[in-house]
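J.: Got a structure for you, written out below as structure tokens; questions coming shortly.
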Amino acid sequence: MSIDGLIAQYKEILEDSPLNYAAQWKANHPGSKVIGCYPIFTPVELIHAAGMLPVGIIGGGNRLEIAHADSRFQSFICSIVKSTLELGLTGKLHFLDGIVFHSICDPARNLASVFKRNFPQMMVEYIHFPQNMTSRFTEDYLTAEYERLKGAYERLAGKTLTDDDLQRSIRLYNEQRRLLRELYRVRRETPQNLSTAESYVLTRVGTLIPVEEHIEVLKEALAGLRDRDEKPKDRVKVILEGSFCEQPPLELIEGLEAAGCYILDDDFLIGWRWFVEDIPVEGDPIRNLARAYIDQSVYSGVKHDSREPKAKHLIDKVRETGASAVVILAAKFCEPALFDYALYRRALEKLEKEGIPHLSLEFEEKMWIFDKARTEVETFVESMLFD
Amino acid sequence: MVFVAGVDMGAKSTKVVIMDDQKNMRGKSAVRTRPEFTAVAKEALGLALDQAGVQERELSYIATTGFGRYNVPFRDIQITEITCVGRGAVHLFPKTRCILDIGAQSTRAIRVLESGKVREFRTNDKCAAGAGGFIERAAKYLEVKIEEVGELSLRSDQPQTISSVCAVLAESEIINHVSNGQSVENILYGVHQSLASRALALLKRVGLEEEITFVGGVARQKGMVKALEETVKKKVNVSEEPQMVGALGAALLALKRLEKIRQNGREAPIKEEARVA
């Protein structure tokens, strides 16, 4: 299939019925189990090794009407928390045997309990990620936490996980993440050949289908991209930060690009490409996974690491990509992203002095009208073009 | 002589400015925006060209702005209203660094550099309570013509507070004031004060600089200017035709762009969208 056809096919799935694939997979594999993964970080290897399908439950998109969840949450709670509950309350998560949450923010933490209460048939797991990365007990602690999770999935799947099972899964996900890193490299180096909306589609589809299939999709896409040779357009190169949990509508991403930006890097779906390098396969797989979170994972608004100031990472990212501006795109009411903006302020001011301005925008998963955001980005681009 | 045009297609009216290469305004026009965008833009352009005594084929560059900027197929480039208003206001008032633009559907606070380049800006939410459309609805309820609102509001002696942040709820407040026997003048000034306080919130977010310029159709209402000056506690600049500032800025940027293209010896618009249409 051509690269255009491949992307169009998955774009349609994402826009129409993203979760149908997993439901269909379950129907085609009697006795198998599906586990929902709420953003951001899930050690999907544990789920995969148990023969289950991990599926990203990343909100309800902008076509889901929120009718029930609004009565259960306050108005200042972000959209993704509400829409995820709405999916459950309207029976759209019927195919899930379990779902996993973790400590990213207060609403997400509480969503785990809300799910437990409302959906007793579902195995709701909650990972307590360490908040202190410098303690000598951190690795032991997270290893124990992952062992506990492994035990829970063993019971659900009715299968004991061997080191071989886990190592095979780690190897597969290493391959998937390596290909995703490659996809991002292609976009960063030749943004005219791969739009952000396209790379988003190719990444997001990986949260819905088995990793084995996603690896093939990515290989096909990367091969197809080698034939693309577009002329670079006169656009401003930016990096985008702040959309690590709730995801902006695809139309908004397209709108940002059409307003005159090449987005060289972003933090969309960061939990599905959360390691900067391969996780070691040899040795104790659970400990390797734990160590990878502590030492090899990407920086993010929801990972607390006093060794690695986030603002420094932001500056490094600007330097590495050669971006000429930063766009902060945070979800409305997203505390971690909006707090980050305050933490980034000093770094952004430093960049500003070097002639690298920034723009802060807010979005909501359930957005229909993109004019305002587009006008703001266009003005931002013009302020650089009409210098 | 080189001529350019700035076309500002706003939610309520479409304004055109014809300018020569010495930055003299040679012609201008304003017509009501209707759904037939191309025809409206042609009509407004024709009127302005007539006034300037310039033929359409003599135009070297056409820049469009406003919400309908993409709906003018004969444009060379489209530029946002924020960028245009910044340039236009600084052209008229060179010392201004802070601009408030209230149009029919949107309100924007803009901070600019000496060159007129936009430094920071904030726009109102997708809510009508902070823009001209709200005044229009209030005028309709009070059965006064929109052109009279500015003068009437100036005559207020006991302004009535409109506290709601929502246009629909504010309307019921207006109805309450009417049924309590309050004068039209006092209610209208209350409406202007309500808009001014919302504008202040936006202005504070971009930073209230020393010299403020007030532009957009709503700036034609004298009562609104008074309410704004009272709220920001200083005089604000208002040009003779504040609604034309966007089109003026578009024309200035058209000249700037034309100059750059000629320097580079090439004919290419900045953005690919302009070529597509």
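J.: Just name the residue that is farthest from the other protein chains (Cβ to nearest Cβ) out of those in the stretch A:358-387 that are in a loop (DSSP other than H, G, I, E, B) and touching a residue at least 12 places away in the same chain (Cβ under 8 Å).
T.: Just the residues of the stretch A:358-387 that are in a loop (DSSP other than H, G, I, E, B), to begin with: A:364-370, A:386-387.
Retained after the next criterion (residues that are touching a residue at least 12 places away in the same chain (Cβ under 8 Å)): A:364-368, A:370.
Numbers: A:Glu364: 11, A:Glu365: 16, A:Lys366: 13, A:Met367: 10, A:Trp368: 10, A:Phe370: 11 Å.
It comes out as A:Glu365.
J.: Quick check on the stretch B:150-162. Is at least one of its residues free of Cβ contacts under 8 Å to residues at least 12 places away in the same chain and either of a type in the set (S, T, N, Q) or within 19 Å of B:Gly216 (Cα to Cα) (or both)?
T.: Taking the stretch B:150-162 as the starting set, the residues that turn out to be free of Cβ contacts under 8 Å to residues at least 12 places away in the same chain are none.
Checked the stretch B:150-162: no residue is free of Cβ contacts under 8 Å to residues at least 12 places away in the same chain and either of a type in the set (S, T, N, Q) or within 19 Å of B:Gly216 (Cα to Cα) (or both).
J.: A follow-up question, please. Within the stretch B:98-115, track down each residue that is basic (Lys, Arg) and closer than 16 Å to B:Gly132 by Cβ.
T.: Within the stretch B:98-115, the first condition is being basic (Lys, Arg), and the residues that meet it are B:108, B:111.
Residue satisfying the conditions is B:Arg108 alone.
J.: With respect to A:Val217, is the statement that it is surrounded by fewer than 22 Cβ atoms within 10 Å (Cβ to Cβ), in contact with a Gly (Cβ under 9 Å, 6 or more places away or on another chain) and modelled with pLDDT of 95 or more true?
T.: Working: surrounded by fewer than 22 Cβ atoms within 10 Å (Cβ to Cβ): yes; in contact with a Gly (Cβ under 9 Å, 6 or more places away or on another chain): yes; modelled with pLDDT of 95 or more: yes.
Taking the combined requirement at face value, the residue satisfies it.
J.: Residues in the stretch A:227-250: is at least one surrounded by 20 or more Cβ atoms within 10 Å (Cβ to Cβ), basic (Lys, Arg) and part of a loop (DSSP other than H, G, I, E, B)? Walk me through how you get there before you give the answer.
T.: Just the residues of the stretch A:227-250 that are surrounded by 20 or more Cβ atoms within 10 Å (Cβ to Cβ), to begin with: A:235-236, A:238-248.
Imposing the further condition that a residue be basic (Lys, Arg) reduces the set to A:235.
Cutting the leftovers down to part of a loop (DSSP other than H, G, I, E, B) gives us A:235.
Within the stretch A:227-250, one or more residues are surrounded by 20 or more Cβ atoms within 10 Å (Cβ to Cβ), basic (Lys, Arg) and part of a loop (DSSP other than H, G, I, E, B).
Every residue, every condition in (1) modelled with pLDDT under 95; (2) among the aliphatic types (A, V, I, L, M), yes or no:
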| position | (1), (2) |
| --- | --- |
| A:Asp16 | yes, no |
| A:Trp25 | yes, no |
| A:Ile35 | no, yes |
| A:Tyr38 | no, no |
| A:Asn62 | yes, no |
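J.: Please state which of the following conditions B:Asp101 fails to meet, knowing it meets all the rest: (1) of a type in the set (Asp, Glu); (2) crowded, with 19+ Cβ neighbours inside 10 Å; (3) over 18 Å from B:Ala250 (Cα atoms).
T.: (3)
J.: Taking B:Thr64 as meeting all but one of (1) under 19 Å from B:Arg257 (Cβ atoms); (2) within 14 Å of chain A (Cβ to nearest Cβ); (3) assigned to a loop (DSSP other than H, G, I, E, B), write down the number of the exception.
T.: Every listed condition holds for B:Thr64 apart from (3).
J.: Being closer than 19 Å to A:Thr375 by Cα and outside any loop (DSSP other than H, G, I, E, B) narrows it down to one residue among B:Val7, B:Val31, B:Val16; which is it?
T.: The unique qualifying residue is B:Val7.
J.: Something else: Which one of these does A:Ser306 not meet: (1) small (Gly, Ala, Ser); (2) within 14 Å of another protein chain (Cβ to nearest Cβ); (3) surrounded by fewer than 17 Cβ atoms within 10 Å (Cβ to Cβ)?
T.: Result: A:Ser306 fails condition (2) only.
J.: Only one residue in B:Glu81, B:Glu147, B:Glu136 is under 20 Å from B:Gly207 (Cα atoms) and among the charged types (D, E, K, R), so which one is that? Walk me through it before giving the result.
T.: Numbers: B:Glu147 fails: under 20 Å from B:Gly207 (Cα atoms); B:Glu136 fails: under 20 Å from B:Gly207 (Cα atoms).
Step by step, each of B:Glu81, B:Glu147, B:Glu136 is checked, and only B:Glu81 is under 20 Å from B:Gly207 (Cα atoms) and among the charged types (D, E, K, R).
J.: Any residue that is within 14 Å of chain A (Cβ to nearest Cβ), in a helix (DSSP H, G or I) and crowded, with 23+ Cβ neighbours inside 10 Å - is there at least one of those in the stretch B:144-163?
T.: no
J.: Of everything in the stretch A:76-128 that's in contact with a Phe, Trp or Tyr (Cβ under 9 Å, 6 or more places away or on another chain) and hydroxyl-bearing (Ser, Thr, Tyr), which residue is farthest from A:Pro43 (Cα to Cα)?
T.: A:Ser79
J.: Please determine, by comparing only the residues of the stretch B:3-23 that are at pLDDT 95 or above and among the aliphatic types (A, V, I, L, M), which one is farthest from B:Ala39 (Cα to Cα).
T.: B:Met19
J.: Take the residues in the stretch B:68-98 that are within 12 Å of chain A (Cβ to nearest Cβ), in contact with a Leu (Cβ under 8 Å, 6 or more places away or on another chain) and not aliphatic (A, V, I, L, M), then tell me which one is surrounded by the fewest Cβ atoms within 10 Å (Cβ to Cβ).
T.: B:Arg87
J.: Residues B:Leu253, B:Leu203, B:Leu248: which one is over 19 Å from B:Leu154 (Cβ atoms), in a helix (DSSP H, G or I), within 14 Å of chain A (Cβ to nearest Cβ) and of a type in the set (A, V, I, L, M, F, W, C)? Please lay out each step first, then the result.
T.: Details: B:Leu203 fails: within 14 Å of chain A (Cβ to nearest Cβ); B:Leu248 fails: within 14 Å of chain A (Cβ to nearest Cβ).
Selected residue: B:Leu253, the only one of B:Leu253, B:Leu203, B:Leu248 that is over 19 Å from B:Leu154 (Cβ atoms), in a helix (DSSP H, G or I), within 14 Å of chain A (Cβ to nearest Cβ) and of a type in the set (A, V, I, L, M, F, W, C).
J.: Here's a check for you: in the stretch A:107-124, which residue that is farther than 19 Å from A:Leu156 by Cα and touching a residue at least 12 places away in the same chain (Cβ under 8 Å) is farthest from the chain's Cα centre (by Cα)?
T.: A:Asn118
J.: For the stretch A:319-342, indicate whether the set of residues that are assigned to a helix (DSSP H, G or I), out of contact with any Leu (no Cβ under 9 Å at 6 or more places or on another chain), in contact (Cβ under 8 Å) with a residue 12 or more places away in the chain and over 17 Å from A:Cys78 (Cβ atoms) is non-empty.
T.: No: the stretch A:319-342 contains no residue that is assigned to a helix (DSSP H, G or I), out of contact with any Leu (no Cβ under 9 Å at 6 or more places or on another chain), in contact (Cβ under 8 Å) with a residue 12 or more places away in the chain and over 17 Å from A:Cys78 (Cβ atoms).
J.: Do we have A:Arg374 as in contact with a helix residue (DSSP H, G or I) (Cβ under 9 Å, 6 or more places away or on another chain) and not small (Gly, Ala, Ser) here?
T.: Details: in contact with a helix residue (DSSP H, G or I) (Cβ under 9 Å, 6 or more places away or on another chain): yes; not small (Gly, Ala, Ser): yes.
Yes: the conditions hold for A:Arg374.
J.: Go through the stretch B:104-143 and give me each residue that's away from every other protein chain (no Cβ under 14 Å) and within 21 Å of B:Ala250 (Cβ to Cβ). I'd like the intermediate steps shown before the answer.
T.: Initial filter on the stretch B:104-143 (away from every other protein chain (no Cβ under 14 Å)): B:104, B:129, B:132-143.
Hits for the stretch B:104-143 are B:Ala104, B:Gly132.
The values are calculated or read from the model by the stated rules, or taken from the named source; none is laboratory data. Everything numeric here is computed off the predicted structure, so don't read it as measured data. Note: ideal-geometry Cβ built from the backbone for every residue, glycine included; neighbour counts use all protein chains shown.
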